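See structure below.
The values are calculated or read from the model by the stated rules, or taken from the named source; none is laboratory data. Keep in mind the model is a prediction, meaning the values are calculated, not measured. Glycine also receives a Cβ, built like all others from the backbone with ideal geometry; neighbour counts cover every protein chain displayed.
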Amino acid sequence: MNATNFITDNFILQSEIAKTLYHKYAKDLPIIDYHNHLSPKLIAENKPIKNITDAWLDGDHYKWRAMRANGIDEIFITGSETSKKEKFLKWAETVPFTLRNPLFHWTHLELKRYFEVDAILQPSTAEAIYEKANAVLEHKTPGQLLEAMKVEVICTTDNPTDDLKYHEQIAKNRHLNIKVLPTFRADELFFINKDSFLNFIQKLSNSVHFEIQSLNDFIKAINTRIKFFHDKGCRLSDFGVGEALHFIDFNEEEIAAIFDKKLKGNALSNYEIDTYRSFLFVHLGKQYHAYNWVQQYHLGPIRNNNSRLVEQVGLDAGVDSIGDFPMAEFMSKLFNTLNATNQLAKTITYNLNPSQNEVFATMMGNFQNSDCPGKMQWGSGWWFLDQKDGMEKQLNTLSNMGLLSRFVGMLTDSRSFLSFPRHEYFRRILCNLIAEDVKQGLIPNDIEHLGKMVQDICYYNAKKYFNF
């Protein structure tokens with residue numbers, strides 16, 4: 001592929017208005033990345049990730065899926081018997097075939113921003129790019145990579161039993177000018193249907209230093225951990241179980257009996273599982289409200305579809321996809337239950353199925369109030385939808401069904417320290433979208449007002465909303 005300098009200053013920006021909005025108002029803003037899966041351990045240790053394969057390919061399901069689609073043998077994707085360089089060269093072999101896939105854009109944005117590489121990654125350029133990237137990474141710590149992208153705050157994703165020791169170390173590091181805050185990821189609390197639940201209960205007991213022998217003990221343990229997280233700077237929760245969800249009315253005696261039944265090792269019916277989960281959603285929601293946290297709900301994946309590959313590679317093999325679970329009734333009942341007692345926290349929902357865009361956007365509008373502007377957020381395009389088409393559809397639907405001006409913007413949802421140009425990608429798309437409306441005479445050509453709107457969406461709305 002004969003092309004150099006593909007990522008120009010005006011990449012995606014198709015008009016003078018778009019260029020002005022991006023370069024004057026959006027480009028230089030700091031980044032608040034309020035949801036990602038970065039390793040606090042790597043940030044705390046702050047040692048260079050010296051190889052681009054480790055920094056770029058390890059754990060990246062997007063790239064894995066593309067390589068599999070390109071017919072690459074699994075040994076070059078997740079196998080332990082191949083070298084880091086061999087894996088990188090196989091990714092380079094795949095990149096030319098990713099044209100029109102967002103991976104093509106992300107790959108070259110990241111190469112440009114972190115390594116000043118203008119060439120297209122392909123077999124003929126792969127060795128030189130591999131050597132150049134590794135030479136840069138050898139001297140760049142995770143903290144320096146984050147600071148280079150003007151990252152101001154990141155919120156990691158953390159198990160309720162985590163001791164958060166790495167967050168403590170980071171907070172004491174005076175040389176790192178970035179806030180790294182934990183997020184209370186509650187998924188394992190909901191897995192009462194799994195055999196592993198009793199092991200998790202023991203881990204939870206160990207973290208609170210008392211035995212959990214009843215529902216009351218369990219509630220006390222949850223509340224203890226939420227306070228612990230809050231004291232360590234946590235201001236967000238998250239939930240991301242990939243299943244159909246049903247909200248069922250309950251009473252606490254019924255929940256106590258279900259929990260006791262599980263502690264005794266007995267199997268639960270689907271009705272009992274859904275009833276327990278309904279109780280847990282409400283209890284957690286009230287706690288989040290009490291601490292003035294933002295609660296996040298990632299809803300809609302169907303996970304581990306390819307059992308053969310999961311057996312070979314393990315969980316998180318990159319074989320998850322969009323599910324078609326109904327979500328409206330569940331969200332309505334949960335949010336209404338919490339709102340009825342004025343205990344509905346600030347909330348962000350993310351859907352994975354694009355056919356539910358309007359469902360999610362309109363559901364959030366049902367529960368807005370004067371607590372704060374944009375209290376109920378329909379979040380940015382997530383996972384398979386965080387590409388140009390998906391983000392444009394999300395921005396357009398939000399504009400039609402709510403207030404785009406109050407949107408809290410983009411996040412990486414990434415495990416890679418090299419993924420932060422995704423904020424730039426979003427900002428370019430946003431500026432171009434607004435500029436196209438101006439060109440068509442759909443909105444006024446008031447650059448100062450539009451510039452402020454862009455700045456709010458890219459940074460200031462999140463800064464006010466989360467109040468870190």
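Select, from Y291, Y276, Y297, the only residue that is surrounded by 15 or more Cβ atoms within 10 Å (Cβ to Cβ), closer than 20 Å to D158 by Cα, touching a residue at least 60 places away in the same chain (Cβ under 8 Å) and hydroxyl-bearing (S, T, Y).
Checking each option against the conditions leaves just Y291.
Looking only at residues in region 108-131 that are in contact with a helix residue (DSSP H, G or I) (Cβ under 6 Å, 6 or more places away or on another chain) and assigned to a helix (DSSP H, G or I), which one is nearest to Q387 (Cα to Cα)?
Filtering region 108-131 down to residues in contact with a helix residue (DSSP H, G or I) (Cβ under 6 Å, 6 or more places away or on another chain) leaves 109-110, 113, 115, 117, 119, 121-123, 126, 130.
Retained after the next criterion (residues that are assigned to a helix (DSSP H, G or I)): 109-110, 113, 115, 123, 126, 130.
Numbers: L109: 13, E110: 15, R113: 18, F115: 23, P123: 25, A126: 25, Y130: 26 Å.
If we take residues in region 108-131 being in contact with a helix residue (DSSP H, G or I) (Cβ under 6 Å, 6 or more places away or on another chain) and assigned to a helix (DSSP H, G or I), then L109 is nearest to Q387 (Cα to Cα).
Which of (1) surrounded by fewer than 21 Cβ atoms within 10 Å (Cβ to Cβ); (2) of a type in the set (A, V, I, L, M); (3) in a loop (DSSP other than H, G, I, E, B) is the odd one out, the single condition I17 does not satisfy?
(3)
Do any residues in region 363-383 that are not assigned by TED's automatic domain parsing to the domain that holds H423 have Cβ atoms under 6 Å from those of residues that are aromatic (F, W, Y), where the two are at least six apart or on different chains, and which pairs are they?
Between residues of region 363-383 that are not assigned by TED's automatic domain parsing to the domain that holds H423 and residues that are aromatic (F, W, Y), there is no close pair.
Condition first: surrounded by fewer than 17 Cβ atoms within 10 Å (Cβ to Cβ) and either small (G, A, S) or assigned to a loop (DSSP other than H, G, I, E, B) (or both). Now tell me which residues in region 326-346 satisfy that.
P326, A328, S332, A340, T341, N342, Q343
Quick check on my filter: what residues within region 377-397 are touching a strand residue (DSSP E or B) at 6+ places or on another chain (Cβ under 9 Å) and crowded, with 22+ Cβ neighbours inside 10 Å? Lay out the reasoning, then the answer.
Filtering region 377-397 for residues touching a strand residue (DSSP E or B) at 6+ places or on another chain (Cβ under 9 Å) gives 377-385, 394, 397.
Matches in region 377-397: Q377, W378, G379, S380, G381, Q394.
Quick one: is F367 within 20 Å of G409 (Cα to Cα), buried (at least 16 other Cβ atoms within 10 Å of the Cβ) and touching a Ser or Thr at 6+ places or on another chain (Cβ under 8 Å)?
Working: within 20 Å of G409 (Cα to Cα): yes; buried (at least 16 other Cβ atoms within 10 Å of the Cβ): yes; touching a Ser or Thr at 6+ places or on another chain (Cβ under 8 Å): yes.
The answer is yes for F367.
Are there any pairs, at least 6 apart or on different chains, whose C-beta atoms fall under 8 Å, with the first in region 1-12 and free of Cβ contacts under 8 Å to residues at least 24 places away in the same chain and surrounded by 12 or more Cβ atoms within 10 Å (Cβ to Cβ) and the second of a type in the set (K, R) and not in a loop (DSSP other than H, G, I, E, B), and if so, which?
Close Cβ pairs satisfying both conditions: N10/K19.
Answer yes or no: is there a residue in region 352-362 that is free of Cβ contacts under 8 Å to residues at least 60 places away in the same chain, polar (S, T, N, Q) and in contact with a helix residue (DSSP H, G or I) (Cβ under 7 Å, 6 or more places away or on another chain).
yes
Among the residues of region 132-153, write down those that are in contact (Cβ under 8 Å) with a residue 40 or more places away in the chain and part of a helix (DSSP H, G or I). Don't jump to the end; show me each part of the working.
So in region 132-153, the residues in contact (Cβ under 8 Å) with a residue 40 or more places away in the chain come out as 133-134, 137-143, 145-146, 149-153.
Answer for region 132-153, where residues must be in contact (Cβ under 8 Å) with a residue 40 or more places away in the chain and part of a helix (DSSP H, G or I): A133, N134, L137, P142, G143, L145, L146.
Can you work out which of the residues in region 61-78 that are outside any helix (DSSP H, G or I) and touching an Asp or Glu at 6+ places or on another chain (Cβ under 8 Å) is nearest to F384 (Cα to Cα)?
First pass over region 61-78, keeping only residues outside any helix (DSSP H, G or I): 70-73, 77-78.
When the remaining residues are screened for being touching an Asp or Glu at 6+ places or on another chain (Cβ under 8 Å), the result is 70, 72.
Details: N70: 18, I72: 21 Å.
Filtering first and then ranking leaves N70.
Would you be able to say whether some residue in region 448-467 is in contact with a helix residue (DSSP H, G or I) (Cβ under 9 Å, 6 or more places away or on another chain) and part of a loop (DSSP other than H, G, I, E, B)?
no
Output the residues belonging to region 300-319 that are on the phi < 0 side of the Ramachandran plot and surrounded by fewer than 19 Cβ atoms within 10 Å (Cβ to Cβ).
Step one: of region 300-319, the residues on the phi < 0 side of the Ramachandran plot are 301-303, 305-313, 315, 317, 319.
I302, R303, N305, N306, S307, R308, L309, V310, E311, Q312, V313, L315, listed by residue number.
Okay, residues lined up against (1) over 25 Å from N36 (Cα atoms); (2) crowded, with 19+ Cβ neighbours inside 10 Å; (3) among the small types (G, A, S):
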{"residue": "T82", "(1), (2), (3)": "yes, no, no"}
{"residue": "F88", "(1), (2), (3)": "no, yes, no"}
{"residue": "E127", "(1), (2), (3)": "yes, no, no"}
{"residue": "E138", "(1), (2), (3)": "no, no, no"}
{"residue": "L145", "(1), (2), (3)": "no, yes, no"}
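Looking at the structure I just gave you, is L198 surrounded by 21 or more Cβ atoms within 10 Å (Cβ to Cβ) and either under 20 Å from K47 (Cα atoms) or not small (G, A, S) (or both)? Step through it out loud before you land on a result.
Working: surrounded by 21 or more Cβ atoms within 10 Å (Cβ to Cβ): no; either under 20 Å from K47 (Cα atoms) or not small (G, A, S) (or both): yes.
No.
For region 213-244, enumerate the residues that are buried (at least 17 other Cβ atoms within 10 Å of the Cβ) and free of Cβ contacts under 8 Å to residues at least 24 places away in the same chain.
Residues satisfying the conditions are D217, A221.
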